[in-house]
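Visitor: Quick one: the structure is below, and I'll ask about it shortly.
The values are calculated or read from the model by the stated rules, or taken from the named source; none is laboratory data. Keep in mind that this is a model prediction, so the values were computed, not measured. Cβ coordinates were reconstructed from backbone atoms using ideal geometry, including for glycine residues, and neighbour counts include every protein chain displayed. Surface areas here come from the heavy atoms of the whole protein model, side chains and all, with no ligands, DNA or RNA. Shrake-Rupley method; radii C 1.70, N 1.55, O 1.52, S 1.80 Å.
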Amino acid sequence: QLSSATATIQSLEEELATEQAERGAADALVKQTQSALEQERATQKQAKAEWDELSRSALDEMFELRKKCAFYETQQAQSAAFIEQMNKQTQDQAALLETYQGMNEALTAATQDPHRKPQSVARVLF
């Protein structure tokens, strides 16, 4: 019976050694999996930080472009208003010139007529 008990103990010890080896392999696999997950999380965190930075940069750039666009639109509106004002001023000056030319022609005609009296020249002007 002693040899049978020794054989049983030896068999149990071998089974225990096998289970311990399997447990060690399983623990190693768990550690490897956890390490891979931590690495993946770190990679995702870095990618998110880079994405956030790119998004902020893009938004900042869009804001700057909108400011420039608004500035150029304002400048264009001011230029258009200035050109319109200059056109009106040119038209006013042309009308004034035409009036003066008409008065000049009337005055010239009145002063060249030998039969007109000086008072009639004043009437031509006013």
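Visitor: What are the pairs, 6+ residues apart or on separate chains, where a residue within the stretch 99-111 that is free of Cβ contacts under 8 Å to residues at least 40 places away in the same chain has its Cβ under 6 Å from a residue that is open to solvent by 50 Å² or more (accessible area, probe 1.4 Å) and among the basic types (K, R)?
Guide: If the second residue must be open to solvent by 50 Å² or more (accessible area, probe 1.4 Å) and among the basic types (K, R), the pairs left are A110/R116.
Visitor: Residue under question is Q93, and the condition is that it be open to solvent by 100 Å² or more (accessible area, probe 1.4 Å) and at pLDDT 95 or above; does it hold?
Guide: yes
Visitor: Separate question: So if I check each of S3, S11, which one is open to solvent by 70 Å² or more (accessible area, probe 1.4 Å) and of a type in the set (G, A, S)?
Guide: S3
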